[in-house]
Amino acid sequence: SPIRDRLDAHFHDLAVANGAAEVGWSNKISRKDDFVKGLLAENFRYGIIAVIKSMEGCRTFYRAQAKTVKGSPFYLRSSKCVHYYLYINDKYLGLCQIRIQTYAPFTIQIIMNGHRILDRMMIAEGIRHTTDDNCFSEVSDIARAQALSDSITAGYLDENMRRLTEAYLPLSDVIETAYRFTIRQAEYSKDIYLEDEDTSSDRFQQLIQQMALQNPQDIITYIHDRKRTPRDPRFKYFKSDIGSCIRY
């Protein structure tokens, strides 16, 4: 409890000191990401954009009542506790979020987007580019952009994640070894650039065929389902048994 109270005070002070929105999310319906993007659209700036407090499921320690469990007086079980979301518009990582659990073992989860990291790198090097949602629709120097993308290594990410935790997260005096980072989920994507209309036509036909093979039922609903017909056809997400996805 003392550590949980300390976390509550810390994140409240962070929000006040940075002029960030402080929001309780228990009764919200919209997505947190959309809410934060709306704040950035109104006032683009770097630093902490929002501190969101949300009650969510977690895995935490409980004291064994009868006897020790496998030599320990504690055991892990599912529970619920307050989680804090720090949304940070970082000069190197772009818009990212840190999710912090307020019950032991105080798990943190850092979520970032490689396209946003590359966007910051290209801005720093003066490479002209245009973004469309999560895609670069135009880049003035493809070769240099590819080289910058290749420089986003595990070491680069680890260095910046430690920088964020040191700047915004407490408990360094409680957890003496700081934090150990592991990959929980990674999604790999490629933007396909087409040089002319003929290439574009052929490639688009291939994408349509691939989507039809991966998920024919979803393609059929575009033809006969009136509710889905007006949807914007530029974006579609598919997931197959091997984990691939197509956005077009």
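A short reminder: the numbers here are calculations on the coordinates, not readings from a lab. On a predicted model such as this, the values are computed, not experimentally measured, just so you know. So basically every Cβ, Gly included, is an ideal-geometry build from the backbone, and we count neighbours across all protein chains shown.
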Nitroxide proxy distance, nm - points 7 Å out along Cα→Cβ at Asp158 and Ser201: 5.0 nm
Contact order relative to length of region 13-154, as percent, for alpha carbon pairs under 8 angstrom and 6 or more apart: 15 percent
Mean projected area in nm² (Cα convex hull; one quarter of hull surface) for region 93-181: 6.6 nm²
When the convex hull of its Cα atoms is projected in every direction, mean area for region 1-157 (nm²): 12.5 nm²
Distance in nm between pseudo-label sites at Ala104 and Leu40 (7 Å out along the Cβ direction from Cα): 3.7 nm
Neighbour cut-off at most 15 other Cβ (10 Å), DSSP loop, trypsin sites (Lys or Arg not before Pro), region 85-153: Lys91, Arg128
Residue-span extension gain [Arg31 to Arg180] - 0.36 nm each, minus C-alpha spacing: 50.8 nm
Rounded FRET efficiency, nearest 0.05, which uses the C-beta distance separating Asp8 from Asp132 and R0 of 45 Å: 0.70
For Thr131, distant residues with modelled amide H under 5 Å away: Ser137
Assigned charges on the beta-carbon of Lys, Arg, Asp, Glu; region 2-45 dipole about Cα centre (debye): 140 debye
